[in-house]
Every structure is written in structure tokens, then in C-alpha cells.
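First the structure, in the form of C-alpha cells, and then the observations on it.
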Amino acid sequence: MNAKNLLRVLIVIIVIIGGVIIIVIGKKPFPEPECIVCGTKLITMLGIVEVILGLGALVVQRNLFDKQRNL
């Protein structure tokens with residue numbers, strides 16, 4: 001695995017960790033926001049989406065790495 005692929009995997013892992021942090025912070029009580037869109041459920045949902053997209057990117061990165069290795 002060369003440095004470029006390793007850097008890509010590291011960035012994806014950081015994105016996944018960021019999503020988990022958003023979910024954990026979203027569970028803490030916030031003052032009630034004035035708008036519906038700014039609620040804690042939206043923050044939690046965004047964290048979950050970030051984790052799912054990060055995992056998807058990790059799978060795509062792994063598939064690309066396997067294809068490059070087979071060539």
C-alpha cells in the first residue's frame with residue numbers, strides 16, 4: 001500500500017470518527033433552538049449520515065485498491 005492510498009484511508013477514518021463525535025455531542029442537552037431545522041435530531045441525523053457515507057467511501061476505496069493490486 002503506497003502513501004497515497006494510506007492517506008485516503010486515513011481521511012475516511014477521520015470522517016467516520018467525526019460523524020461519531022457529532023452523534024455523541026448531539027445527545028447532550030442543548031437549549032431549545034428557535035427554528036425546527038436546528039434541532040438536536042437533525043444534528044444526530046447528520047452524524048449518522050456522515051458515518052454511513054464514510055463507511056461507503058471506505059468500501060469504495062478498498063475496492064479500488066484491490067483492483068489496482070490485481071492489475
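A few comments on the model shown:
- All positions within segment 1-25 that are at pLDDT below 75 and either more than 15 Å from the chain's Cα centre (by Cα) or charged (D, E, K, R) (or both): M1
- Single residue of segment 46-71 satisfying the filter (surrounded by fewer than 14 Cβ atoms within 10 Å (Cβ to Cβ) and not hydrophobic (A, V, I, L, M, F, W, C)) that is nearest to I22 (Cα to Cα): G56
The values are calculated or read from the model by the stated rules, or taken from the named source; none is laboratory data. These numbers were taken from a predicted model, which means no experiment stands behind them. Counting neighbours? That spans all protein chains shown, and the Cβs are built from the backbone with ideal geometry, glycine included.
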